[in-house]
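Student: My questions will all concern the structure given below.
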Amino acid sequence: MGNSCIICHMQTIEGLDKIEKCPNGHIVHFECLKEWLIHSLNCPLCNDKYSPHVISKFDAYLSTKEREKEEAFKRQLEEKELKEIQKIGDKMVFLKFVKSIENLIELEKYEDALERLELYDQNQMKDYQGQTAVFLKGKINYIRGRYDMAIANLFKLVKKNFSYPKAFYYLGKSYKALGLDDKAKWAFERVPETKA
């Protein structure tokens, strides 16, 4: 029986196990050291660097592992870039959708606009698109004189996103139209001066 490997702590068997040593004589199994060198070129016990002669025995393996690591990193970058491109594409599609809703509002086709907005589930208010859809529903209901429905949508929105000035603006106008001056004042106070 020999000494134990300082990495796996298993006994080394002379003549059977292939072993290596650090400059201070700490023994490791060849296979254990092979995996260890991926992370560090220093002895795990004394922290002295393994000799170039020892390290050179693992050059091919370390080169392969480094290439694999670089390829994995490259794949991660490509996946991240693809996700970013997808996000940009989604935003562009949504902006076109919003523009089509705004065009319907200008043409006073409120029912058509509301119908299209139903495509966006109101439970999706956690993101910009869902919040924008709820805002547009509130705005359309204000414009067509359905102040109660405008308030319901807009109040739901400002509860989720308190920093949505346009929602407060139309909320204030809806309260005002219903003669609820105190609530209108409360809503208008949350609109920057340039919006009111």
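Student: How high is the relative contact order of the chain, in percent, counting Cα pairs under 8 Å that sit 6 or more residues apart?
Tutor: The value is 9 percent.
Student: Determine how many Å³ per residue the convex hull of the Cα atoms of the chain encloses.
Tutor: 220 Å³
Student: Once each part is reduced to its C-alpha centroid, what is the distance from the range 20-39 to the range 146-181 in angstrom?
Tutor: 69 Å
Student: Then there is this: Please determine, in degrees from 0 to 90 and to the nearest 10, the orientation of helix 147-160 with respect to the longest principal axis defined by the Cα atoms of the chain, where the helix direction is its Cα long axis.
Tutor: Roughly 20 degrees, rounded to the nearest 10.
Student: What span do the alpha-carbon atoms of the range 1-106 cover on each of the three principal axes, reported in whole Å from largest to smallest?
Tutor: 88, 24, 24
Student: Follow-up. Sorted from fewest to most neighbouring beta carbons within 10 Å, what does the list 110, 164 look like?
Tutor: Going from least to most buried by this count: 110, 164.
Student: Another question, then. Counting pairs of alpha carbon atoms under 8 Å apart in space and at least six apart in sequence, what relative contact order in percent does the range 107-185 give?
Tutor: That works out to 22 percent.
Student: Counting helices only, and only those DSSP H runs with n ≥ 4, report the 222 nm mean residue ellipticity of the chain as the sum of -39,500 (n - 2.57) divided by its residues, in deg cm²/dmol to the nearest 500.
Tutor: Taking each H run of at least 4 residues, the total per residue is -20500 deg cm²/dmol.
Student: Something else now. Go through 90-103, 174-187, 24-37, 135-148 and give me the packing order, highest mean Cβ count within 10 Å leading.
Tutor: 135-148, 24-37, 174-187, 90-103
Each reported figure results from applying straightforward, stated rules to the coordinates on display, with no laboratory input. Everything numeric in this text was worked out from a predicted model, so none of it was measured. Quick reminder, even Gly has a Cβ in these numbers, built from the backbone with ideal geometry, and neighbours come from all protein chains shown.
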